[in-house]
Every structure is written in C-alpha cells, then in structure tokens.
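Q: Here it is: the structure, laid out below.
No lab work stands behind these numbers, since they all come straight from the coordinates. From a predicted model like this one, the values you see are computed outputs, not experimental measurements. As a convention, Cβ positions derive from the backbone with ideal geometry for all residues, glycine included, and neighbour counts pool all protein chains shown.
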Amino acid sequence: MLNILEYFQLEYLNENSITPFVLDIYQQALPNRIQSQIEDFVKRKSLGIMKDILKTWREVAYKQGQIIRDENSQFSHWLEQDLPDNQLEYFPHQSLTWSYCASAYQCAYQEWKKQDQQPLPPSPFKKAWTKNTFLKAIQPS
C-alpha cells in the first residue's frame with residue numbers, strides 16, 4: 001500500500017516519464033520491433049484500461065526501479081501481480097525486459113495520449129438528427 005507522499009508523487013508528477021524512478025540500466029532505447037508491439041498493445045486496449053496499466057507501471061517503477069537486477073529479466077511479472085490477466089492480453093511479455101522499462105513506458109504513454117486525443121466518431125443518433133434537421137431546413141413549407 002502506498003503512503004500519502006508516494007501517492008502524491010505518482011499522481012501529480014509528470015506522467016509521461018518514469019525515468020526519475022528507475023536506474024540508468026533500465027532506460028535503454030527500444031528496438032523498433034518492441035516499440036511496434038507496445039503500440040499495437042495500446043491500440044487494442046480501452047483508454048480506461050490503459051490508464052490503469054500505466055498507473056500500475058509507474059507504481060512498479062517507483063517501488064522497484066532503484067533495485068539492481070538482471071536487466072534482461074522480464075518486466076511483465078511485476079505488472080501481473082497488480083493487474084487482472086485480461087488487461088495484459090497482447091502485452092509483449094517475452095520482449096519487454098527491465099532494460100526497456102522507462103522507454104517502453106514512455107512509448108505506451110505517448111500512444112495512449114494519441115488515442116485519447118483522437119476525435120470520437122459521431123453517434124448514429126447524432127447523424128440521424130443532423131440529417132433530419134438539414135432536410136427539414138431545406139424543405140419548402
């Protein structure tokens with residue numbers, strides 16, 4: 001359980017990077033293959049689920065990111081402890097190691113933000129209302 005200071009730091013610091021929380025060895029640049037896998041993963045998830053995943057990722061980085069371990073050990077194990085299995089479906093478990101923790105997070109965050117900023121398609125109700133309103137406006141009385 002996080003104390004109030006840890007909660008404040010996780011919630012109100014710059015969310016687009018976890019670099020301050022992790023050792024340099026966990027900040028290696030992402031290979032294109034893993035970047036594509038992460039982008040695909042984010043596109044398959046709802047905005048709300050991705051928000052939960054990114055929050056958990058920040059918590060793991062904050063708690064574990066200063067501990068020296070084999071940087072080639074898988075990172076997903078830590079996420080699996082706090083997230084339901086279905087939220088990590090399509091996650092690149094095998095590819096994502098601690099060495100890419102910070103850069104993979106930043107990639108996921110940026111892709112999530114792109115998804116969040118895309119306009120929603122108009123609802124069928126709105127389309128029908130607009131069409132009927134337009135037709136009524138041009139019909140002679």
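Q: Give me, ordered by chain and number, the residues 5 or more places off T97 or on other chains with an amide H under 5 Å from its own placed amide H.
A: F75
Q: Can you check what the net charge comes to around L88, using other residues whose Cβ is under 13 Å from the Cβ of L88 (Lys, Arg +1; Asp, Glu -1)?
A: Working: positive: R44, K45; negative: D52, E80, D82, D85, E89.
Value of the local net charge: -3.
Q: Pulled fully out, how much extra length does the chain show between Q81 and Q64, if you take 0.36 nm times their separation in residues and subtract their Cα-Cα distance? Walk me through the numbers on the way to the answer.
A: Working: separation 17, 0.36 × 17 = 6.12 nm, distance 1.30 nm.
Gain in length upon complete extension: 4.8 nm.
Q: Please rank F41, F75, fewest neighbouring Cβ atoms within 10 Å first, as an exposure proxy.
A: Taking fewest neighbouring Cβ atoms as first place, the list is F41, F75.
Q: Assuming R0 = 22 Å, can you tell me the calculated FRET efficiency for the pair D116 and E89, based on Cβ-Cβ distance, to the nearest 0.05? Spell out each step's value before the answer.
A: Details: r = 20 Å, r/R0 = 0.92.
Computed FRET efficiency for D116 and E89: 0.60.
Q: Run the simple label-point estimate for D24 and D40 please: 7 Å along Cα→C-beta, distance reported in nm.
A: About 3.4 nm separates the two model spin labels.
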